[in-house]
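Each remark here refers to the structure printed beneath this line.
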Amino acid sequence: CPPANQERFANGKLVTVQFHPSAQVVMTAGHDRSVSLFQVKSLSLNPKIQSIYLESFPIYKARFSVDGEQVIATGTHHSMFFVYDMVAGTIIPIPKVRGVEEKFLRNFELSPDGSFMLLIGTSGYLHLLSMKTKELISTMKVNGRCTACAFTPDSSKIYSYSKEGEVFIWDVRSRKCLHKFEDEGSLEGKCFAVSKNNQYVACGSSSGVVNLYTTDTCLKEKHPKPVKAIMNLVTSATCVTFNPTTEILAVASRDTDEAVKLV
């Protein structure tokens with residue numbers, strides 16, 4: 001296959017590559033302050049649909065909304081974020097979310113049902129926003145610093161993974177902490193994923209070890225035993241993700257070249 005973005009290579013680091021939820025489109029975004037959309041067409045050509053330039057806004061993360069009608073982008077050093085309305089073709093700045101006192105807004109997650117946006121703040125704060133209005137619903141707090149979060153496939157719970165290797169499980173409706181468990185042997189939590197069928201969770205740490213647990217044990221036990229510890233990465237695990245049918249787990253580290261393993 002040719003490069004997906006061959007009609008417009010980025011001038012800086014790419015931070016996001018994501019397929020559109022329903023159309024034959026792939027998005028790239030990165031430090032060159034732009035979001036580009038390409039049509040995934042054939043083995044020879046992927047024409048560029050458009051590029052959106054956000055002035056003096058190097059992008060930290062960009063994601064399609066669940067319905068595929070919006071792109072949300074956060075910056076590397078900003079407390080604001082942008083929403084690109086793909087239907088209207090307009091860029092909407094969200095300058096300040098009332099009630100969210102954060103110097104930088106970088107990492108976020110979107111709930112699978114399209115209702116919520118979760119902003120991962122500093123000092124362990126998690127801010128739950130309405131996806132429709134982008135207004136604050138509630139704030140939760142974990143001990144230490146939160147490094148990664150994930151919604152369960154039915155959007156009823158949130159897992160938040162702390163730098164200290166603890167995982168807190170929250171009820172989205174009541175915003176109460178239902179349970180917490182310790183990721184075995186984790187010196188520093190880095191990345192987290194829940195499988196689409198809600199059977200497994202994966203915790204990736206700074207040592208490069210990725211622990212795979214069954215969700216049942218995570219909800220009941222304080223010190224669950226991993227079904228498998230994946231030791232293939234030698235540098236910090238920075239990305240874990242399941243394929244849609246929960247048959248493959250991809251683990252990767254951005255700290256060294258070609259450090260991607262499929263389990």
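Just to be sure I understand the filter: pairs with C-beta atoms under 6 Å, separated by 6 or more residues or on different chains, first member in region 232-244 and more than 11 Å from residue 263 (Cβ to Cβ), second member of a type in the set (Asp, Glu) and part of a loop (DSSP other than H, G, I, E, B). Which pairs pass?
Final answer for the pair search is 235/255; 236/255.
Among the residues of region 29-42, what is the count of those that are in contact with a Leu (Cβ under 6 Å, 6 or more places away or on another chain) and open to solvent by 10 Å² or more (accessible area, probe 1.4 Å)? Break it down into steps so the answer makes sense when it comes.
Of region 29-42, the ones in contact with a Leu (Cβ under 6 Å, 6 or more places away or on another chain) are 30, 33.
Filter once more, so that each one left must be open to solvent by 10 Å² or more (accessible area, probe 1.4 Å): 33.
The number of residues fulfilling the criteria is 1.
Could you say whether any residue in region 174-182 is open to solvent by 70 Å² or more (accessible area, probe 1.4 Å), assigned by the TED database to the domain that holds residue 113 and of a type in the set (A, V, I, L, M, F, W, C)?
Among the residues of region 174-182, at least one is open to solvent by 70 Å² or more (accessible area, probe 1.4 Å), assigned by the TED database to the domain that holds residue 113 and of a type in the set (A, V, I, L, M, F, W, C), which makes the answer yes.
Picking from 105, 110, 119, which residue would you name as being touching a residue at least 40 places away in the same chain (Cβ under 8 Å) and within 25 Å of residue 170 (Cα to Cα)? Write out each step before concluding.
Details: 105 fails: touching a residue at least 40 places away in the same chain (Cβ under 8 Å); 119 fails: touching a residue at least 40 places away in the same chain (Cβ under 8 Å).
Of the residues listed, the single one that is touching a residue at least 40 places away in the same chain (Cβ under 8 Å) and within 25 Å of residue 170 (Cα to Cα) is 110.
Which one is nearest to residue 178 (Cα to Cα) among residues in region 196-212 that are surrounded by fewer than 22 Cβ atoms within 10 Å (Cβ to Cβ) and hydroxyl-bearing (Ser, Thr, Tyr)?
Top of the filtered list is 200.
Check region 100-112 and report whether any residue there is acidic (Asp, Glu) and buried (at least 20 other Cβ atoms within 10 Å of the Cβ). Break it down stepwise before answering.
From region 100-112, those acidic (Asp, Glu) are 101-102, 109; that's our starting set.
This time we only want the ones that are buried (at least 20 other Cβ atoms within 10 Å of the Cβ), so: 109.
The answer is yes; a qualifying residue exists.
State whether one or more residues within region 11-22 are within 16 Å of residue 86 (Cβ to Cβ), part of a loop (DSSP other than H, G, I, E, B) and touching an Asp or Glu at 6+ places or on another chain (Cβ under 9 Å). Steps first, answer last, please.
So the first thing to find is which residues in region 11-22 are within 16 Å of residue 86 (Cβ to Cβ), and the list is 16, 18-22.
Filter once more, keeping what is part of a loop (DSSP other than H, G, I, E, B): 20-22.
Now drop any that are not touching an Asp or Glu at 6+ places or on another chain (Cβ under 9 Å), which leaves 21-22.
Yes, region 11-22 has at least one match.
Given the criteria touching a Cys at 6+ places or on another chain (Cβ under 8 Å), in the same structural domain as residue 236 (by the TED database) and of a type in the set (Lys, Arg), does residue 163 qualify? Walk me through how you get there before you give the answer.
Details: touching a Cys at 6+ places or on another chain (Cβ under 8 Å): yes; in the same structural domain as residue 236 (by the TED database): yes; of a type in the set (Lys, Arg): yes.
So residue 163 passes the test.
Could you look through region 217-253, keep only residues that are under 18 Å from residue 188 (Cα atoms) and out of contact with any strand residue (DSSP E or B) (no Cβ under 7 Å at 6 or more places or on another chain), and pick out the one that is least open to solvent (accessible area, probe 1.4 Å)?
Checked region 217-253; the qualifying residue least open to solvent (accessible area, probe 1.4 Å) is 253.
Could you grab me the full set of residues in region 113-153 that are charged (D, E, K, R) and open to solvent by 40 Å² or more (accessible area, probe 1.4 Å)? Give the steps one after another, and end with the answer.
Filtering region 113-153 down to residues charged (D, E, K, R) leaves 113, 132, 134-135, 141, 145.
Answer for region 113-153, where residues must be charged (D, E, K, R) and open to solvent by 40 Å² or more (accessible area, probe 1.4 Å): 113, 132, 135, 141, 145.
Can you tell me which of 97, 40, 71 is within 22 Å of residue 160 (Cα to Cα), free of Cβ contacts under 8 Å to residues at least 60 places away in the same chain and of a type in the set (A, V, I, L, M)? Full working, then the answer.
Numbers: 40 fails: within 22 Å of residue 160 (Cα to Cα); 71 fails: within 22 Å of residue 160 (Cα to Cα).
Step by step, each of 97, 40, 71 is checked, and only 97 is within 22 Å of residue 160 (Cα to Cα), free of Cβ contacts under 8 Å to residues at least 60 places away in the same chain and of a type in the set (A, V, I, L, M).
The values are calculated or read from the model by the stated rules, or taken from the named source; none is laboratory data. Predicted model, so just to flag it, every value in this text is computed and none were measured. In this analysis, Cβ positions are derived from the backbone assuming ideal geometry, glycine residues included, and neighbour counts consider all displayed protein chains. Accessible surface areas use protein heavy atoms only, side chains included; no ligands, DNA or RNA. Shrake-Rupley method; radii C 1.70, N 1.55, O 1.52, S 1.80 Å.
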